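Worksheet: one structure, shown below.
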Amino acid sequence: MLAADAVERYRQTGYHFPLDVLSAAEAAAARARLEAQEAALGGALAGALRQKPHLLFPWLHELVRHPVILDAVESVLGPDLLCWSSSFFIKEPQAPGYVSWHQDATYWGLSSPDIMTVWLAFTPANEVNGCMKFAPATHHAPVGHRDTFDADNLLTRGQELTVAVDESQTVSVHLQPGQASLHHVLLHHGSAPNRSADRRIGYAIRYIPTYVRQVAGATDSATLVRGTDRFGHFEPEAAPLAGMDAAAVAQHRAVTERQAAVLYRGTGRAAFRA
């Protein structure tokens, strides 16, 4: 569990890092498994395959339940936890992909900001390859966003804050492979392109307490990862029995189609972009 002073700093600043989750060898093995799967599929994960991949691959389903991660999340959100989503943020070497300054929860349709993103590094994250930057203590209220749908923006709608961020006051989130950062769903954060010669691979996992609901008028689902769910606000998700098995693929397609309907509501778009 996080120490009491670390929890207090999280509540004050909106973030905590680094959290040691995997060894260097385990992180390298995770990257190798991901890239072996990409090779089998004929290219980098794209579109819906980057969303909720823990419903497609047993090793990722185990990863979102990693006890070190769940202990840290429980320290802040309590003992009854759902994994609402996960997604890969992969920046290819010398590519223009970036993440604009934003708050995570803008279009998620969830009833409460009691939500934590755990961002797990499969590769180093630093200034050269476009690590995240946090604006401390900006997590106390939602602010306006505008959609850009910029082709190089890795966010679903290319959403960006309508308020200025003083980058001189931001914190660069340097992580080694196997380390994670934790941040509040309303914390202002973003990241620059990868200017290095290697990929920057991060796996973002979103956790919610079981009392949180989907209020965007859509059926939603989540995976119970710790404790009990006394509320039943989300349809339970089945664990994949094997990588990309037929049942897992069918479930994943249905779940991500519903998720895309929530995230893109009001735009006329119906599916995650490639």
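Determine whether the stretch 25-32 contains at least one residue that is of a type outside the set (A, V, I, L, M), closer than 27 Å to GLU257 by Cα and over 16 Å from the mean Cα position of the chain (by Cα). Yes, because at least one residue in the stretch 25-32 is of a type outside the set (A, V, I, L, M), closer than 27 Å to GLU257 by Cα and over 16 Å from the mean Cα position of the chain (by Cα).
Would you check if VAL118 is crowded, with 23+ Cβ neighbours inside 10 Å and of a type in the set (Val, Ile, Thr)? Taking the combined requirement at face value, the residue satisfies it.
For the stretch 38-78, a residue qualifies if it is surrounded by 18 or more Cβ atoms within 10 Å (Cβ to Cβ) and in contact with a Pro (Cβ under 9 Å, 6 or more places away or on another chain), and the qualifying residues are LEU45, HIS54, LEU55, LEU56, PHE57, LEU60, HIS61, LEU77.
Candidates in the stretch 234-269 are the residues that are among the β-branched types (Val, Ile, Thr) and in a helix (DSSP H, G or I); of these, the one that is modelled with the lowest pLDDT is VAL262.
Taking the conditions (1) within 22 Å of MET116 (Cα to Cα); (2) of a type in the set (A, V, I, L, M, F, W, C); (3) part of a loop (DSSP other than H, G, I, E, B) in turn, ILE69 satisfies each one other than (3). Please work out if GLY109 is farther than 24 Å from ALA192 by Cβ, surrounded by fewer than 21 Cβ atoms within 10 Å (Cβ to Cβ) and over 17 Å from the mean Cα position of the chain (by Cα). Taking the combined requirement at face value, the residue does not satisfy it.
Screening the candidates PHE272, PHE231 for the property of being at pLDDT below 95, assigned to a loop (DSSP other than H, G, I, E, B) and more than 23 Å from HIS66 (Cβ to Cβ) yields one hit, PHE272. Residue under question is THR210, and the condition is that it be buried (at least 20 other Cβ atoms within 10 Å of the Cβ), β-branched (Val, Ile, Thr) and over 17 Å from the mean Cα position of the chain (by Cα); does it hold? In short, yes.
For the residues SER191, SER181, SER221, SER196, the requirement of being of a type in the set (Gly, Ala, Ser), touching a Gly at 6+ places or on another chain (Cβ under 6 Å) and surrounded by 15 or more Cβ atoms within 10 Å (Cβ to Cβ) singles out SER191. Figure legend. Inter-residue proximity from the stretch 2-27: first residues under 15 Å from HIS174 (Cβ atoms), second residues part of a strand (DSSP E or B) and of a type in the set (Ser, Thr, Tyr), beta-carbon distance below 8 Å, spacing 6+ or different chains. Indicated pairs: TYR15/SER181; HIS16/SER181; PHE17/SER181; PRO18/SER181; LEU19/SER181. Can you tell me which residue within the stretch 1-45, out of those that are of a type in the set (Lys, Arg) and touching a helix residue (DSSP H, G or I) at 6+ places or on another chain (Cβ under 8 Å), is nearest to LEU182 (Cα to Cα)? Across the stretch 1-45, the extreme among qualifying residues is ARG11. Considering only residues of the stretch 7-53 that are out of contact with any His (no Cβ under 7 Å at 6 or more places or on another chain) and assigned to a loop (DSSP other than H, G, I, E, B), which is farthest from HIS188 (Cα to Cα)? Result: GLY42.
Could you tell me whether ALA270 is surrounded by 13 or more Cβ atoms within 10 Å (Cβ to Cβ) and not charged (D, E, K, R)? Spelling it out, it is not the case that ALA270 is surrounded by 13 or more Cβ atoms within 10 Å (Cβ to Cβ) and not charged (D, E, K, R). The requirement of being in contact (Cβ under 8 Å) with a residue 24 or more places away in the chain, among the basic types (Lys, Arg) and not in a strand (DSSP E or B) is not satisfied by ARG206. A search for C-beta distances below 7 Å between a residue of the stretch 226-249 that is in contact (Cβ under 8 Å) with a residue 24 or more places away in the chain and any residue that is among the hydroxyl-bearing types (Ser, Thr, Tyr), counting only pairs 6+ apart in sequence or on different chains, returns ASP229/THR210; ARG230/THR210; PHE234/SER221; GLU237/SER221; GLU237/THR223. The set of residues in the stretch 235-258 that are within 13 Å of PHE57 (Cβ to Cβ), out of contact with any His (no Cβ under 6 Å at 6 or more places or on another chain) and among the hydrophobic types (A, V, I, L, M, F, W, C) comprises LEU241, ALA242, MET244, ALA248, VAL249.
The values are calculated or read from the model by the stated rules, or taken from the named source; none is laboratory data. The model shown is predicted, which means the values in this text are computed figures rather than measured ones. We place every Cβ from the backbone using ideal geometry, glycine too, and count neighbours over all the protein chains shown.
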